Every structure is written in C-alpha cells, then in structure tokens.
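Structure first, commentary second.
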Amino acid sequence: MDMDDTSEQQQVAFAMHTFERIHHTEFQRRFLSQNTRHDGRAFSQFRATHVTKGTVSTAQGSSTVRIGNTTVVCGIKAEVSEPDVKTPNEGYLVTNVELSPMCSARFRPGAPSDEAQVASEHIHRLFGKAVDLATLCIESGQAVWSLSADIVCLKYDGNILDTAILALVAALEDLRLPEAQLDSATGVVSADRTIARQLTLRKRLFPATFALVDTYLVADADDAEEQLATTSVLVVLDDSGRLANIWKRGACPVSNETIHQCIESAVERAETISKTL
C-alpha cells in the first residue's frame, strides 16, 4: 500500500467521523437503511462477550463481564445479620448498580441516576426468584447471611442490563460461604473459613436485550444506538429454556410478531452465553 492510498483512507475515516459527530442521527439511519449497523454487525448480532470469575480477591464472590466495550465488575460481600421476622428462615440479597462519570460522560456525580436505580431494582426482583434465600439461613429466626452485590460499570457502551445480569450470575456462581454456626449460649456466630460451600442457584439466567431504532429491531444496542432507540425489550431465559422475564421499556408499542422475534433470538443467545459461563 503506497502513501497516497494511506492518506486517502485517513481522509475518508476523518470525514466519516466528522459526519457522525455533526449528524449523529442521520449517520446511524444511513447504515440501518442498508441493512447493516455502524459497527458492521447484522441486526440480530450480539457483540463479543467475555466472562471472568474471581476477579476481586477481597470479595466472597466476584466476576468481570465485558460485552463489546461495556465492562462491569461485580463483587459480593457476605455478612451475618438478623432475619426479617416475616421470613425467619431466609437471608438477603441486596443488589446495587453503579453508573458513575468514570464509565461515561452521560452520568453525573452525586446521587444514583434514574437508569442505575431502575437497573438495581429490576435485577433485585429478577434474582429474588433465582436465588434460594433459605440456603442463606444459619439459625432460624436468629442469624442469616446477607449478600451485598455491588455491580460497578467501568466502561459504558450500551446494554448495561445484559452485562450486569451476567456479572451477577457469574459472581454468585463464584461465591463461597464459610461454614457458620451460632453459639446459643453467647449468641455469637463463628465462621470456619477452611470449610466453604458454594451457593446453588435455582436457575441460571440468560439475558438478551433488543432495541427499536426507528422501525429497525437491533440486538445488543451500543451507546450510539441506544440514544436513538424509542423502545427496548429485555428477554431473560433460564437454563431450562423457559421464559423467566420479559420487560418492555419505552412509549412505542411492540407487536406480538416483534416479541416472538426477540424470544427466538434470545434462545440462540442463551445457548451461546451458557458456553461462555
């Protein structure tokens, strides 16, 4: 390749980058109208997904998950606490999603953003059925394990829900709890850290998020596509292939045909993720 070819390619790349920054919406639509996306993916194609367990040495369970450029770290800390009087045989799982200015200029310092709060609440409800809280009981009515899962986004490039859900699944599978016993005389819980047991999930969860950009349905939208999307659909399947959750966000209606299309793609995605985990 000679210098003229290299210079021409650089000029084309600069022109495309400039056009994208100035006419962002039109830039995306031109790709979509040609049945492709700005990063070269097909409409139904998910970005490369990488899962690594045990990445935080100070946590009882942890993981790092990357979908495209979106990167999330999940760390789980286990502490002994008193159970709720209504559920004396069950422990706790508390989830918190953090989206800070460190991961994207979209987010501001201070109180958690609406997006972070909504993600935290939805993940909490989702995993309330996936984790058998009774297995966190140390002594009925007196002592249980309380699991605090901090899901921190290091780099944001769209599709935080899929990334966060996968990170929590992987961290829970990595979790090891020491053997704990309550001394009835003193009321003190002692933990033998030489004996650790793995938490057993009722079901593994496999998420797949889709976005409607204009009239085009795209899988695993990145940040640029999310900013144009009018509606998104999250489909979560369990390891038996059953539908665990479906969640639509946005004002635009979604047809039954589109929902079925999302579920069919989610089944294929679940097969891929199961091998990754």
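The values are calculated or read from the model by the stated rules, or taken from the named source; none is laboratory data. All of these numbers come straight from a predicted model, not from anything done at the bench. Neighbour counts are summed over all protein chains in view; Cβ atoms, including those assigned to glycine, are modelled from backbone coordinates with ideal geometry.
Residue under question is Lys77, and the condition is that it be within 30 Å of Glu264 (Cβ to Cβ), modelled with pLDDT of 95 or more and basic (Lys, Arg); does it hold? No, not satisfied.
In a residue-by-residue description of segment 244-257, the property of being closer than 24 Å to Thr70 by Cα, touching a strand residue (DSSP E or B) at 6+ places or on another chain (Cβ under 6 Å) and aromatic (Phe, Trp, Tyr) applies to at least one position.
Across segment 233-259, what is the total count of residues that are in contact with a helix residue (DSSP H, G or I) (Cβ under 8 Å, 6 or more places away or on another chain), in contact (Cβ under 8 Å) with a residue 24 or more places away in the chain and farther than 22 Å from Ala170 by Cβ? The number of residues fulfilling the criteria is 1. Does Gly158 satisfy the criteria of being touching a strand residue (DSSP E or B) at 6+ places or on another chain (Cβ under 7 Å), part of a loop (DSSP other than H, G, I, E, B) and of a type in the set (Gly, Ala, Ser)? Here the answer is yes, as Gly158 does meet what is asked. Selection of segment 248-277 for residues being in a loop (DSSP other than H, G, I, E, B) and within 22 Å of Val213 (Cα to Cα) yields Ala251, Cys252, Pro253, Val254, Ser255. Checking each residue in segment 138-178 for being over 19 Å from Ser104 (Cβ atoms) and surrounded by fewer than 19 Cβ atoms within 10 Å (Cβ to Cβ) picks out Glu139, Ser140, Gly141, Gln142, Ser146, Ser148, Glu173, Arg176, Pro178. Within segment 55-105, the residues that satisfy the criterion of being touching a Gly at 6+ places or on another chain (Cβ under 8 Å), assigned to a loop (DSSP other than H, G, I, E, B) and small (Gly, Ala, Ser) are Ala59, Gly68.
Arg202 meets the conditions (1) charged (D, E, K, R); (2) surrounded by 16 or more Cβ atoms within 10 Å (Cβ to Cβ); (3) within 30 Å of Cys137 (Cα to Cα) in every case but one. The failed one is (2).
Looking at the structure I just gave you, is Ala196 outside any helix (DSSP H, G or I), without any contact (Cβ under 8 Å) to a residue 24 or more places away in the chain and within 30 Å of Met102 (Cβ to Cβ)? Spelling it out, it is not the case that Ala196 is outside any helix (DSSP H, G or I), without any contact (Cβ under 8 Å) to a residue 24 or more places away in the chain and within 30 Å of Met102 (Cβ to Cβ). Filtering segment 210-231 to residues that are touching a Ser or Thr at 6+ places or on another chain (Cβ under 6 Å) and crowded, with 23+ Cβ neighbours inside 10 Å leaves Ala211, Ala219.
In segment 122-138, the residues that are on the phi > 0 side of the Ramachandran plot never reach a residue that is exposed (fewer than 15 other Cβ atoms within 10 Å of the Cβ) and in a loop (DSSP other than H, G, I, E, B) with C-beta atoms less than 6 angstrom apart, at least six apart or across chains. On inspection, His38 does not qualify as part of a strand (DSSP E or B) and closer than 25 Å to Glu268 by Cβ.
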